[in-house]
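Since the structure comes first, as structure tokens, the remarks are kept for the end.
The values are calculated or read from the model by the stated rules, or taken from the named source; none is laboratory data. Quick caveat: nothing in here was measured; it's all calculated off a predicted structure. Positions of Cβ are backbone-derived with ideal geometry, glycine not excepted, and every protein chain shown enters the neighbour counts. With ligands, DNA and RNA removed, areas are computed over all heavy atoms of the protein, side chains included. Shrake-Rupley method; radii C 1.70, N 1.55, O 1.52, S 1.80 Å.
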Amino acid sequence: MTFKVISRFVVFWICCAPIHLFAQQKELISRLYTMKDGLPDQLVNSVMQDSHGFIWVATSSGLSKFDGMRFTTYRNNPSSTNSLRSNQVSSVLEDKMGRIWIGHPQGLDLFDPRTERFYFHWPDSGSKINSFDVSTLRERRDGKIWICTTQGVYLAEPESLNIEKFPQIPRETADIGETDDCSVDA
């Protein structure tokens, strides 16, 4: 056989061979994680994957970070200022700066995964209202964060950590999801 004939055969075979012969099949594996694996509770309220690939799981018994192998759980420690204020975590969200916002019955905590520090609690301990019960956190396109509570809807500016109450949400600025109802997970 000549070089031309062999090269034509190779080109014909490459062009006409089924593509699936070359594609690698990846088998999806699902696994159920339970308390035996380190999850603090079976009741999961919210799940979020951060920009580093970690999975954050909000449960009724604390906040867990899953690295693909094991869970690290953060819980309330009354004798420490570097802990959650409540174990009943309802919502979790990562902002554009990589910080984790955590909603619970006592309000809101802010966690920096780089330093492993809880450094902002809202409302602060001097607040006259002792419960804000944050149920939902949503990020707007501009990076501001909607905070839905039993006391109303608030908007947080992540850079300044300024939080303001909204008496009502205008439909054109809501951007919470498909509706302006905080109870809807979108």
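The table below lists the values:
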| quantity | calculated |
| --- | --- |
| FRET E, pair Asp142, His52, Förster distance 22 Å, beta-carbon r, rounded to 0.05 | 0.45 |
| Long pairs among Lys26/Lys65; Lys36/Lys65; Lys65/Lys165; Lys65/Lys96, criterion Cα-Cα beyond 24 Å | Lys26/Lys65; Lys65/Lys165 |
| Distant-in-sequence amide H partners of Leu108 (H built 1.01 Å from N, under 5 Å) | Trp122 |
| Accessible surface, 1.4 Å probe, highest first, among residues Val153, Val44 | Val44, Val153 |
| Accessible-area ranking of Arg85, Arg117, largest first, probe 1.4 Å | Arg117, Arg85 |
| Asp41 accessible area, 1.4 Å probe, all protein chains in place, Å² to nearest 10 | 30 Å² |
| Accessible heavy-atom area order of Leu161, Leu43, Leu110, highest first, probe of 1.4 Å | Leu43, Leu161, Leu110 |
